[in-house]
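Engineer: Here it is: the structure, laid out below.
Throughout, read-outs are computed from the coordinates displayed, never taken from laboratory work. It should be emphasised that the depicted structure is a prediction, and the values quoted were computed from it without experimental measurement. Cβ placement follows ideal geometry from the backbone for every residue including glycine, while neighbour counts extend to all protein chains displayed.
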Amino acid sequence: MTDFYESNNDIFSLLPVQIYRHNLEGNLIYSPLHWHRSIEVTVNLTGNIRFNSGSSHFDMKESDWILINSCELHSCSYVSLEDHFTGISFIISNPFVEKWVGKNLFFRNPGIKHVTDEIRHIALDVYNLDEEDKEYPFLLMSKTYALLGIITKYCISPDSASKVGMNSSDITMQLTDYIEAHYREDLSVESVSGYFKYSPTYFSRLFKESLGVTFHSYLNFVRASHAAEQLSSGKTNLTDCAFDNGFPNVKSFINTFKKLYGCTPGTFLNSKQG
């Protein structure tokens, strides 16, 4: 797994925001499927990157940005192996957001040009800050408050209550922990709902409301993410990789991987062996 940024990182020191600066090429533009309680804002300064969020993917170009909500599943990868990506991620403590912006809110990119311009300006300023400067914490917090001001004014979804739904971290953790432990097995809605003592219909609805994607979509995300890590070693073959990670056959593995990563697992493997 590349050191794109730390997944599930909800531990903060003195500051309620963590900053990750990215300057990556090709297959290093990759972060596996994960979630965190924090709010994330990632801004693409130059190049290309693909974000998977929920059941959708977004190909981000220069100046594009994405806002990831608390407990929202997401991953990212290159669009093509020739890509480069320079950008910055703000990981903002959820309790801090709740204190200053409000609770049970759902955020989104409103698609307004001057908002994008303002966020890019803040991102560039923070990207160029010197962390060794004794004034760095104060400068960073000043920019973080400015970013939260923009989010508060323009980025709160008008139907937040319905979108937040049952997306509690406890439910999310139970579901994701179980699949993480058993993704190599022959899982089905019926078998997993039985484990949690729910009917298949109720379980399917609960899963979608809690994680924002269907059970099968999430299971494929997890399997493909682990397969990508295995392929990154350059010491495996497609058949072993498919079955090692729970795919029923190689064809299913290839189709799922290509949909999520924009290339076949064979191409991904060759890039690692080259």
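Engineer: What is the helix-to-structure angle for 200-211, meaning the angle in degrees between its Cα long axis and the longest Cα principal axis of the chain, kept from 0 to 90 and rounded to the nearest 10?
Structural biologist: Orientation of helix 200-211: about 30 degrees from the principal axis.
Engineer: Same structure again: So how tilted is helix 113-127 from the main axis of the chain? Cα-based, degrees 0 to 90, rounded to 10.
Structural biologist: Approximately 90 degrees, to the nearest ten.
Engineer: Could I ask something else about it? In the chain, with Lys and Arg counted as +1 and Asp and Glu as -1 at Cβ, which of these residues, T172, V79, L187, has the Cα nearest the positive end of the dipole, that is, farthest along it?
Structural biologist: The residue sitting farthest along the positive end of the dipole is L187.
Engineer: On full extension of the chain, what length is gained from K235 through S188, given 0.36 nm per residue of separation minus the C-alpha to C-alpha distance?
Structural biologist: On the way: separation 47, 0.36 × 47 = 16.92 nm, distance 2.99 nm.
Gain on stretching K235 to S188: 13.9 nm.
Engineer: Still on this structure, I have one more. Among F138, F85, F58, which one shows the highest mean-square fluctuation when the chain is modelled as a Gaussian network with alpha-carbon springs under 10 Å?
Structural biologist: Checking each option, the largest mean-square fluctuation is seen for F138.
Engineer: Work from the charge dipole of the chain (Cβ charges, +1 for Lys and Arg, -1 for Asp and Glu, about the Cα centre) and give the residue of L105, Q230, C241 farthest towards its positive end.
Structural biologist: L105
Engineer: Helix 136-154 sits at what angle to the longest principal axis of the chain, using alpha carbons and giving 0 to 90 degrees rounded to 10?
Structural biologist: 80 degrees
Engineer: Right, here's the next one. Treat every Asp and Glu Cβ in segment 17-162 as -1 and every Lys and Arg Cβ as +1, leave all other atoms uncharged, and give the resulting dipole magnitude about the Cα centre to the nearest 20 debye.
Structural biologist: On the way: 12 positive and 18 negative charges, 114 e Å.
Value, rounded to 20: 540 debye.
Engineer: Oh, and also: Which distance in nm do the two modelled labels at S157 and H34 give, with both placed 7 Å along the Cα-to-Cβ direction?
Structural biologist: 2.3 nm
Engineer: Using a Förster distance of 25 Å, how high is the FRET efficiency between Y198 and I254, based on the Cβ-Cβ distance and rounded to 0.05? Working shown, then result.
Structural biologist: Numbers: r = 32 Å, r/R0 = 1.30.
E between Y198 and I254, to the nearest 0.05, is 0.15.
Engineer: Still on this structure: Defining a contact as two alpha carbons under 8 Å apart and six or more residues distant in sequence, what relative contact order in percent does segment 149-250 show?
Structural biologist: Values: 65 pairs, mean separation 26.9, N = 102.
26 percent.
Engineer: Moving on to the next point. Looking at (i) 53, 48, 33; (ii) 71, 40, 28; (iii) 60, 39, 34, which value of Cα extents along the principal axes in Å comes from a calculation on the structure shown?
Structural biologist: Comparing each candidate, only (i) matches the computed number.
Engineer: Sticking with this one: Determine, from the Cβ-Cβ distance of D125 and N104 and an R0 of 25 Å, the FRET efficiency 1/(1 + (r/R0)^6), rounded to the nearest 0.05.
Structural biologist: On the way: r = 31 Å, r/R0 = 1.22.
Once rounded, the FRET efficiency stands at 0.25.
Engineer: Still on this structure: If the chain between H216 and E25 were fully stretched, how many nm would it gain, using 0.36 nm times the residue separation less the Cα-Cα distance? Before the final figure, lay out the partial values.
Structural biologist: Working: separation 191, 0.36 × 191 = 68.76 nm, distance 3.08 nm.
Value of the extension gain: 65.7 nm.
Engineer: Something else: Applying 1/(1 + (r/R0)^6) with R0 = 41 Å to the Cβ-Cβ distance of R205 and K134, what FRET efficiency is obtained, to the nearest 0.05? Don't jump to the answer; show the numbers that get you there.
Structural biologist: Working: r = 52 Å, r/R0 = 1.28.
Efficiency for this residue pair is about 0.20.
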